[in-house]
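Just below is one structure, and these are the notes that go with it.
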């Protein structure tokens, strides 16, 4: 009787033992991963960890994959299968047959046959029950569930975490948009040279690297501003002008005069001959130094924004250091001139493509700069309702400034007397103006868009120091920022005429006159992103010390 028949009968048990071992390992891995996830969720209450629940899932999935991958390694041993089979009622038949597998005596053959018959009478797969500790299952489940529940608790940095998550999502969205725009421009402006297309891709790659490092909205805006500046620099390329500069510089030396003439006449054959002659001359060390100086001079005349200038600098440096041979220098010059001609042909397409990509970057800046405001508005649903209820509660106070109405009696009477002093017989107008101003500002205690409660009894002709100083408490009441760009836009119209007296007092009377457009007072959170963006751009354009950049960022952060 062949031992292979016994092994074949043990296969169902082996697979079940394999599955049991894998499940145990999986539970242990999930338990360990759950502990890591629990620590991560707890830390996220105090430290900004974006997408913490996704990170928890990644930890659990990674642990599961490790457990599944270990299936290939954790195959149960043959001894483990044999001893388990004997424990199911075979009374050590299997292990005896295993030790006698090479013995062909009549007794051994009979023993193996008996073992085979015993294995046929018993269903090993059904007889063996998988044993997985319930405590292990419960512990892993409780720990993993606790980690997810803790991640749902709003911690001390919940708002900062939400801002970071929104910023990451917006960055990824804008990054995809810019990549699509580059593909679109590549297809639309197919006349660009390979080098020009490479420059645009490098600009996008640099942006992607900066985006990966961005920790705040300011960092992302700075990265986009740097990309805009780089694109503007690329748009300023002028290959034809650079070629003319190179031609003029080379004309000043007998060593390269023939090469200059060939460039001037656009004669390719003459250029090849001039380069061959130059190669022979460069075999002399003095000529190598001379060509290095000429190329450096040409690069300086082209300016820092020229791609050709950068290439000439490299050729000049290698020539001066002796790391390049004469043939290498002339070959590099030949390739550079050919590349410049290609760039000149695709210059118009390149400028247009870079311009469109710059517009896309500018639009991306607008989207990124609105992340903070969008998050604030998203979180402000309940706050808005709360402020609305407060505004309604304060509304009667604003109406209290209306002369003759109930509410804030003392201020109402004060405003009434002030109104009578300024405009006899127009008591109702001051009161309605106060009501309108109070409601528009959501504060009720105000006395209109042009005055406050402290304006009551204040006349322009009062002596200095009397009544309320103009502008007093304006910040606390409006909580707004004056936006000069809105001049002539949404303000109210006022018609004022009169004259300034020598005593310093002024007299005013209503009369027909030219309307005066007032500016607009907007809540600071509607315009702060624009000011912050301008500050980031300014820091990118100028050399600002790192400490000063931090002060500017801290300043705008304090305004949130």
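Considering 299, 316, the condition of being surrounded by 17 or more Cβ atoms within 10 Å (Cβ to Cβ), under 16 Å from residue 239 (Cβ atoms) and touching a residue at least 12 places away in the same chain (Cβ under 8 Å) is satisfied by 299 alone. Scoring residue 42 on the criteria (1) part of a helix (DSSP H, G or I); (2) more than 25 Å from residue 216 (Cα to Cα); (3) in contact with a helix residue (DSSP H, G or I) (Cβ under 7 Å, 6 or more places away or on another chain) leaves a single failure, condition (2). Taken across the stretch 324-331, residues that are free of Cβ contacts under 8 Å to residues at least 60 places away in the same chain, out of contact with any strand residue (DSSP E or B) (no Cβ under 6 Å at 6 or more places or on another chain), over 30 Å from residue 187 (Cβ atoms) and outside any helix (DSSP H, G or I) do occur, with at least one present. Report yes if some residue within the stretch 6-15 is in contact with a helix residue (DSSP H, G or I) (Cβ under 8 Å, 6 or more places away or on another chain), surrounded by 13 or more Cβ atoms within 10 Å (Cβ to Cβ), farther than 30 Å from residue 112 by Cβ and touching a residue at least 24 places away in the same chain (Cβ under 8 Å); otherwise report no. Scanning the stretch 6-15, I find no residue that is in contact with a helix residue (DSSP H, G or I) (Cβ under 8 Å, 6 or more places away or on another chain), surrounded by 13 or more Cβ atoms within 10 Å (Cβ to Cβ), farther than 30 Å from residue 112 by Cβ and touching a residue at least 24 places away in the same chain (Cβ under 8 Å), so the answer is no. Here is the figure for the stretch 26-63: residues that are over 30 Å from residue 131 (Cβ atoms) and under 24 Å from the mean Cα position of the chain (by Cα) total 16. Looking across the stretch 302-313 at every residue that is in contact (Cβ under 8 Å) with a residue 24 or more places away in the chain and over 20 Å from residue 192 (Cα atoms), the one that is surrounded by the fewest Cβ atoms within 10 Å (Cβ to Cβ) is identified as 302.
Only one entry in 136, 163 is modelled with pLDDT of 85 or more, surrounded by 12 or more Cβ atoms within 10 Å (Cβ to Cβ) and within 25 Å of residue 88 (Cβ to Cβ), namely 136.
If the condition is being over 18 Å from the mean Cα position of the chain (by Cα), in a helix (DSSP H, G or I), loosely packed, with under 14 Cβ neighbours inside 10 Å and touching a residue at least 12 places away in the same chain (Cβ under 8 Å), then the stretch 172-190 contributes only 188. When 290, 283, 269, 273 are screened for being assigned to a loop (DSSP other than H, G, I, E, B) and more than 47 Å from the chain's Cα centre (by Cα), only 283 passes.
Taking the stretch 75-171 and the helices (runs of 4 or more DSSP H) fully enclosed by it, the elements with 3 or more residues that are touching a residue at least 24 places away in the same chain (Cβ under 8 Å) and more than 60 Å from the chain's Cα centre (by Cα) are at 93-99, 106-121. When you look at residue 264, is it within 30 Å of residue 353 (Cα to Cα) and either under 32 Å from the mean Cα position of the chain (by Cα) or modelled with pLDDT of 90 or more (or both), yes or no? Here the answer is no, as residue 264 does not meet what is asked.
The values are calculated or read from the model by the stated rules, or taken from the named source; none is laboratory data. These figures come from a predicted structure and were not determined experimentally. Cβ sites come from the backbone with ideal geometry, for glycine too, and all protein chains shown count toward neighbours.
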